[in-house]
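Here the structure is laid out as structure tokens; the discussion comes afterwards.
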Amino acid sequence: MGHNRESFRSKAAGFVSDLTTVILNPISDEPSRPTKDESGMKIQEPIEEDMDPGVPDGPDTSSFTAFVKSFLASSESSSQTNEEHSESPQTSETDLASENKQTVGRRSLISRGKQSLGRAFRKVTKIYRYRDDRVAEQKLDDHITNSDESSSTPFGCELEPVLDSNEASSQVILPDVSEPSLLLSENMRGRLYISLPALVQGRNWVLLYSTWRHGISLSTLYRRSTLLPGHCLLVVGDRRGAVFGGLVEAPLRPTNKRKYQGTNSTFVFTNLSSHPAIFRPTGANRYFTLCSSGFLALGGGGHFALYLDGDLLNGSSSASETFGNSCLAHTQDFEVKEVELWGFVYASKYEETIALCRTEAPGIWRW
């Protein structure tokens, strides 16, 4: 059996050696050509008879043959080793256990090394991060200090000068009015204009009702509010010079039931302070406008913000929960001097609305 294996190896090695020789040294039919040296003289190539017959022509294949022999020998030795392992299982198990222990030891050593490197890397990262944070804080403090010394504006922002209410109202281009008001100055009209809802800003002002033009009658005020539905500005002047009122929504429809009208866009105002004060809804309730045949009231929740009787001769004002306002007049009870109701209309319908307001009879309308 051993003799047969040896003969098979020798035959296989010889076959591979011959095959390699044929592939690496192909036979060429072309005759040899003379070469030239650097001077241009022809050099005769060596004749095959002069060459040593013991040295093969072409690459050395002995190393490849040796590789094949060693490969076959290693395969045989591995088969023998497998047989030996199968014959002595106890020895193989011992060797495997020792190899496993060595592998586990290497792994634990590598893991400890990785952990040490990780801890060192984290420490270095913390140090650099702390240093960067300190540098950033120092730069920020220096910048804030320089900004405070140079100007009072915060860093990174360029603030425009803030206009107060008087400057803002003076710079607003006010729309046209159908006729001059007896109660509103241009400054106060500008303040009220910038406080109006955006929906009505830019529209022209039309005088719907005035006591000096249409008579002292609450029913006439109600009737003329139907000429221009939408937001209307009610302006009241008392005998002591106070001017106050509120934004309401027309038409003002009187009812015998205690039913309020209006939306959250309404407000009340007064000129008692150095500049007109605007009081908007607080959200406590929805008691905006209460229209009755005997009175007109704005706000509610304990007291009316503004109350006018049916003759438009007397009224009262007090703090209300609806607008969170203070008393709009000098005293809670006052005597009415003038009442005006202003509507807002687009420029395209301005002339038409003015003509309608002038042709409408000013008489008293009984409900």
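The values are calculated or read from the model by the stated rules, or taken from the named source; none is laboratory data. In this text the structure is predicted, and so the values were computed from the model without any measurement. Heads up, the Cβs are rebuilt from the backbone with ideal geometry, glycines too, and the neighbour counts pull from every protein chain shown. Note: areas computed on protein heavy atoms with side chains; ligands, DNA, RNA excluded. Shrake-Rupley method; radii C 1.70, N 1.55, O 1.52, S 1.80 Å.
Here are the numbers:
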quantity	calculated
Sequence of Thr263, Thr270, Thr359, Thr282 when ordered by accessible area, the most exposed leading, probe 1.4 angstrom	Thr359, Thr282, Thr263, Thr270
Residue-wise HN-Hα coupling along segment 202-212, computed from phi with Karplus coefficients 6.51, -1.76, 1.60 (Hz; x: Gly, Pro)	x, 8, 6, 9, 10, 7, 7, 8, 8, 5, 6
Modelled label reach - His275, point 7 Å along Cα→Cβ, segment 183-205 residues with backbone N closer than 13 Å	187-195
Asn314 long-range amide H proximity, modeled H, under 5 Å	Asp309, Val336
Per-residue HN-Hα couplings for segment 311-317 [Karplus 6.51, -1.76, 1.60; θ = phi - 60°; Hz; x = Gly/Pro]	8, 6, 10, 9, x, 8, 8
Ser316, Ser274, reordered so the largest accessible area comes first (probe 1.4 Å)	Ser274, Ser316
Environment charge at Gly301 (Cβ cut-off 15 Å; Lys +1, Arg +1, Asp -1, Glu -1)	+2
Residue-count net charge about Gly202 - beta-carbon cut-off 15 Å; Lys, Arg +1, Asp, Glu -1	+2
FRET efficiency estimate (nearest 0.05) - Cβ-Cβ, Thr359 to Asn264, R0 45 angstrom	0.80
Highest average packing first - 229-237, 211-219, Cβ atoms within 10 Å	229-237, 211-219
Amide proton proximity set for Leu272, modelled H, under 5 Å, gap of 5+	Ala277
For segment 257-271, 3J(HN,Hα) per residue [Karplus equation, 6.51 cos²θ - 1.76 cosθ + 1.60, θ = phi - 60°, Hz, x = Gly/Pro]	7, 7, 10, 7, 10, x, 10, 6, 7, 6, 7, 10, 8, 7, 10
Other-chain or far-sequence residues with amide H under 5 Å of Gln261's (modelled H)	Phe288, Thr289, Leu290, Cys291
Solvent exposure, largest accessible area first (probe 1.4 Å, DNA, RNA and ligands not counted), of Lys349, Lys257	Lys257, Lys349
Potential lengthening between Arg253 and Leu182 on full extension [0.36 nm per residue; Cα-Cα distance subtracted]	23.0 nm
